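Note sheet for the following structure.
The values are calculated or read from the model by the stated rules, or taken from the named source; none is laboratory data. If you're wondering where the values come from, they're calculated on a predicted model, not measured in any experiment. All Cβ positions, even for glycine, are placed from backbone atoms using ideal geometry, and neighbour counts span all protein chains on display.
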Amino acid sequence: MLILKITTITNPSLLHPFIKILPISQKMNSPRMNSWLNKFGFGARTESSIDSSSSEIPQGPDHEVPDPGQQFAQFGAGCFWGVELAYQRVAGVTKTEAGYSQGFVHNPRYEDVCSGTSNHSEVVRVQYDPNECSYESLLDVFWARHDPTTLNRQGNDVGTQYRSGIYFYTPEQEKAALESQDKQQKILNRKIVTEILPAKKFYRAEEDHQQYLAKGGRFGSKQSAGKGCSDPIRCYG
C-alpha cells in the first residue's frame, strides 16, 4: 500500500528557487490577467483600487459645451464606427464624434480601451438641434442599432468597451432614457443590461476613427452618411 503524506509548507523559501510568490493584488493586476478577465466581461480595476496620485482617477462630468442652440447626447452601443454612421444619418444631428468615456484614465488611447484596463466604453457623442430632432428619436436609433440584452458584447465584438450605455447630460434626458428602457423591456424577451448613467468626460478618439465608415472603412468602400439614408450599415467597411 502506498501512503501519501501531505505537508503544509509555511515557509515560501522552501519552495523551488525558481518559483516566485506574488502577492494576490500583484497577480490580479498583471496586464495578462487584466486582458484575460476583460475577455469574459470582468473589469480588473475598480475606483476604490485606483491610486489618486496617478493619472488613473475617476473622471468627472463632460463639461464641454455644444454649439449655441444645440444639445449633446452620448451613447455606447458596441463598436463606435457603426454607431456614429447611424447618427450621422439622422436629420437634426449636426455633429458626431467617436470617443471614449466612463473610464478611469486621462487621455486613453485605443489600445488602452481595447485592453479593458481603463474601463472606458466606446461611445459616440451626438450634437443635435432639439428643434429639428428630439432626444426620444435619438433613443429610438440607439435601441434599433444594437442588442441591449448582451452584456459587454455586440456580435463578435467582446469586451467591456462594447457595453450598452446611455449617458445623459440633463435630468430630462435621464427621465426619457429610463422611460424608453421600460418600453423596450416590455417588447424584449430577455433582460436589458443597458447602463444609464451621467455623461462623464468625453475623450475624442484618434482621427482615423472619426466618420470611419463614411470615409471608406477598412476596405475603402464609402458608406453614405446622407440624412435619411437607410442603407444597411457594414460595421467594418
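Give region 154-178 a look and list any residue that's within 20 Å of L85 (Cβ to Cβ) and touching a residue at least 12 places away in the same chain (Cβ under 8 Å), or say none.
Selection gives Q154, G155, D157, Q161, Y162, R163, S164, G165, I166, Y167.
Of the conditions (1) over 15 Å from A73 (Cα atoms); (2) touching a residue at least 60 places away in the same chain (Cβ under 8 Å), V105 fails just one. Which one is it?
V105 satisfies all of (1) over 15 Å from A73 (Cα atoms); (2) touching a residue at least 60 places away in the same chain (Cβ under 8 Å) except (2).
Would you point out which residue out of A144, A176, A214 is at pLDDT 95 or above, closer than 16 Å to E97 by Cα and of a type outside the set (K, R)?
Matching residue, one of A144, A176, A214: A214.
Of (1) closer than 21 Å to P198 by Cβ; (2) modelled with pLDDT of 95 or more; (3) not basic (K, R), E84 satisfies all except one. Which?
In the conditions (1) closer than 21 Å to P198 by Cβ; (2) modelled with pLDDT of 95 or more; (3) not basic (K, R), E84 misses (1) alone.
Select from region 180-237 the residues that are outside any loop (DSSP other than H, G, I, E, B) and polar (S, T, N, Q) and write down the one among them that is surrounded by the most Cβ atoms within 10 Å (Cβ to Cβ).
Filtering region 180-237 for residues that are outside any loop (DSSP other than H, G, I, E, B) and polar (S, T, N, Q), the one surrounded by the most Cβ atoms within 10 Å (Cβ to Cβ) comes out as S180.
Please go through region 80-103 and give me each residue that is over 16 Å from S134 (Cα atoms), in contact with a Ser or Thr (Cβ under 6 Å, 6 or more places away or on another chain) and not polar (S, T, N, Q), ordered by number.
Answer for region 80-103, where residues must be over 16 Å from S134 (Cα atoms), in contact with a Ser or Thr (Cβ under 6 Å, 6 or more places away or on another chain) and not polar (S, T, N, Q): E84, G103.
What about Q161, is it part of a helix (DSSP H, G or I), in contact with a helix residue (DSSP H, G or I) (Cβ under 9 Å, 6 or more places away or on another chain), within 24 Å of H120 (Cβ to Cβ) and at pLDDT 95 or above?
Judged against the criteria, Q161 is a match.
Hey, does region 105-120 have a residue that's closer than 19 Å to G82 by Cβ and in a strand (DSSP E or B)?
No, because not a single residue in region 105-120 is closer than 19 Å to G82 by Cβ and in a strand (DSSP E or B).
Can you tell me how many residues in region 208-224 are without any contact (Cβ under 8 Å) to a residue 60 or more places away in the chain and either farther than 18 Å from T94 by Cα or among the aliphatic types (A, V, I, L, M) (or both)?
Residues flagged as without any contact (Cβ under 8 Å) to a residue 60 or more places away in the chain and either farther than 18 Å from T94 by Cα or among the aliphatic types (A, V, I, L, M) (or both) within region 208-224 amount to 7.
Could you say whether any residue in region 122-135 is part of a helix (DSSP H, G or I), more than 15 Å from the chain's Cα centre (by Cα) and surrounded by 19 or more Cβ atoms within 10 Å (Cβ to Cβ)?
Yes, because at least one residue in region 122-135 is part of a helix (DSSP H, G or I), more than 15 Å from the chain's Cα centre (by Cα) and surrounded by 19 or more Cβ atoms within 10 Å (Cβ to Cβ).
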